[in-house]
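The values are calculated or read from the model by the stated rules, or taken from the named source; none is laboratory data. Worth saying up front: this structure is predicted, and the values here are computed from it rather than measured. No Cβ is skipped: glycine too gets one built from the backbone with ideal geometry, and neighbour counts run over all protein chains shown.
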Amino acid sequence: MNAEWADHAESAESAESAENGGESGWDVDPDDDAGAVVEAVGRQLKLWREAAGMRPAEFGAAVGYGENLVYEIERGARIPRPEFLERADQVLGAGGKIAAMKADVAEVRYPKKVRELARLEAKSVELSLYSNHNIHGLLQTEEFARALLQTRRPTLSVDELERAVAARVARQSIYERSPGPEMSFVQEEVTLRRPIGGAAVMRRQLERLLSVGQLANVAVQVMPTSHASHPGTGGMIEVLKFEDGSGVGRSDGAFNGRPVSEPRQLRILDLRYGIIRAEALTPQESLAFIEQVLGET
């Protein structure tokens, strides 16, 4: 199992170009093997531009971006955003052929660690997720995720922030799977009460929890602060199980926080999570508790 998997993989770490606020795309990590895809897209864009008889500066002006950024995209140093490809398709009269490349960059637009995390979540059949500090990323609204990511230090640039938010929201396509995986979330009470982003953002986040908690394959439970002693005091726990019987897990309070996939180690995480889930409020009690907190927010 890939040892890159970890909760902190949700963050976007690459530095971004300041020109145009990075609006035309994201920098390519030189150590990311997805760069080959980006280079191929850049070559195709250059061929279409040259076939249309347009210079980079002229093309850039037509699509609303700087000449330097056009060069960066064409040489595979920048990942073009979907809207850039759509504008290029219109300007170059490609009849949808350039816009179709959005599918090629849809996955590689996110950092490698985030892609690995999303792949593991996408192939899982069972997810057990205990969060003691923040609402889990798979439960977050877009505005809550943005407000939460804005608390990071050092501060993320505008482009880094938007990239990280987009990556986190994209992972939530897991709810669209049919059949969907069995998903169990246990949230500490404090995560429901810390007003990240302000009262309005928090209310919509709590409403999101109530909505997700009613899905047939999802159980959302709350661990009240009054339940003082349980195995989650060491930190978050995440365990993903796959159809072939294998799995991967991580906990702040076990194995130095490293991802593990060895059965004996996974049994330890399963044991701790099982006790946490048993000691938390039931799903029905938890939804009622969240409604109560919502009324107080």
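What to note about this one:
- Enumeration of residues in region 162-197 that are of a type in the set (S, T, N, Q) and under 11 Å from the mean Cα position of the chain (by Cα): GLN172, SER173
- Search result, residues across region 274-289 that are part of a helix (DSSP H, G or I) and of a type outside the set (A, V, I, L, M, F, W, C): GLY274, ARG277, GLU279, PRO283, GLN284, GLU285, SER286
- Unique match (being of a type outside the set (Lys, Arg), over 30 Å from PRO259 (Cα atoms) and crowded, with 17+ Cβ neighbours inside 10 Å) among ALA57, ALA94, ALA61: ALA94
- Some residue of region 235-248 being on the phi > 0 side of the Ramachandran plot, in contact with a Gly (Cβ under 8 Å, 6 or more places away or on another chain) and at pLDDT below 95: yes
- Filtering region 241-288 to residues that are of a type in the set (Ser, Thr, Tyr), within 15 Å of VAL186 (Cα to Cα) and either outside the structural domain of VAL218 (by TED's automatic domain parsing) or touching a residue at least 40 places away in the same chain (Cβ under 8 Å) (or both) leaves TYR273, THR282, SER286.
- Test result for GLU176, closer than 19 Å to VAL212 by Cα and surrounded by fewer than 21 Cβ atoms within 10 Å (Cβ to Cβ): yes
- Residue that is modelled with the lowest pLDDT [pool: residues in region 180-234 that are more than 30 Å from GLN265 (Cβ to Cβ) and of a type in the set (Ser, Thr, Tyr)]: SER226
- Pairs meeting the criteria (first residue in region 208-219 and more than 16 Å from ALA145 (Cβ to Cβ), second residue among the basic types (Lys, Arg) and surrounded by 17 or more Cβ atoms within 10 Å (Cβ to Cβ), beta carbons under 9 Å, at least 6 apart or on different chains) are ALA219/ARG277.
- Within region 210-239, considering residues that are outside any strand (DSSP E or B) and among the aliphatic types (A, V, I, L, M), the one farthest from TYR175 (Cα to Cα): ALA228
- Summed over region 257-297, residues that are in contact with a strand residue (DSSP E or B) (Cβ under 9 Å, 6 or more places away or on another chain) and polar (S, T, N, Q) total 4.
- Lone unmet requirement of (1) under 18 Å from the mean Cα position of the chain (by Cα); (2) in a loop (DSSP other than H, G, I, E, B); (3) of a type outside the set (A, V, I, L, M) for ARG153: (1)
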